[in-house]
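K.L.:
I'd like to ask some things about the structure below.
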Amino acid sequence: MPHLQLELSEGLLSRVAVDDLLKSLADGLALRETVDPAAVKAYARVAAHWAMGQGAPESFVHLTVCVLEGRTPEWESETSDVLYGLLAAGLGPVAATASVTLEFRRMERRTYRKGG
């Protein structure tokens, strides 16, 4: 905990420095109050098959931010803003040609398990 799950359409791999983007996102989240830097996990999944709605860009980037419940709505909103800014900056020109979205999820303490 927390997890940064980056999903992107396969065609963007040659246009996005994914490792650098993941590092930037992980570092940005680690700077937020209440986040243990050693607990941040950032990883990417590449979609080989996808479909976009009519009139939508041909490619997509989606970041899911998963954190344990208990933080204030203000913290969540500010963190979403920070991470979306880092995401857009890390995508560079791709951000203007792809559908770029961010989703914030709260993980429940009563069901979340962590080992190691």
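The values are calculated or read from the model by the stated rules, or taken from the named source; none is laboratory data. Please read all numbers here as calculations on a predicted model, not as lab measurements. Here the Cβ positions follow ideal geometry from the backbone for every residue, glycine too, while neighbour counts run over all protein chains shown. For accessibility, only protein heavy atoms count, side chains too; no ligands or nucleic acids. Shrake-Rupley method; radii C 1.70, N 1.55, O 1.52, S 1.80 Å.
K.L.:
Condition first: closer than 15 Å to residue 3 by Cα and either free of Cβ contacts under 8 Å to residues at least 24 places away in the same chain or of a type outside the set (A, V, I, L, M, F, W, C) (or both). Now tell me which residues in the stretch 85-116 satisfy that.
P.N.:
Across the stretch 85-116, the qualifying residues are 103, 105, 106, 108, 109, 112, 113, 114, 115.
K.L.:
Restricting to the stretch 77-107, name every residue that is farther than 26 Å from residue 19 by Cβ and either touching a Leu at 6+ places or on another chain (Cβ under 8 Å) or assigned to a strand (DSSP E or B) (or both).
P.N.:
106
K.L.:
Keeping to the stretch 21-45, report how many residues are within 22 Å of residue 97 (Cα to Cα) and either modelled with pLDDT under 95 or open to solvent by 70 Å² or more (accessible area, probe 1.4 Å) (or both).
P.N.:
1
K.L.:
Let me ask you something else. If I filter the stretch 1-20 down to residues being among the polar types (S, T, N, Q) and open to solvent by 20 Å² or more (accessible area, probe 1.4 Å), which single residue comes out as farthest from the chain's Cα centre (by Cα)?
P.N.:
Here the residue is 14.
K.L.:
Another question, if that's okay. Considering each of 33, 74 in turn, give the residue that is of a type in the set (Asp, Glu), over 17 Å from the mean Cα position of the chain (by Cα) and assigned to a helix (DSSP H, G or I).
P.N.:
Result of the check over 33, 74: 74.
K.L.:
Out of the residues in the stretch 48-67 meeting the condition of being open to solvent by 20 Å² or more (accessible area, probe 1.4 Å) and either in contact with a strand residue (DSSP E or B) (Cβ under 7 Å, 6 or more places away or on another chain) or touching a residue at least 24 places away in the same chain (Cβ under 8 Å) (or both), tell me which one is nearest to residue 22 (Cα to Cα).
P.N.:
Among those residues, the one meeting the criterion is 62.
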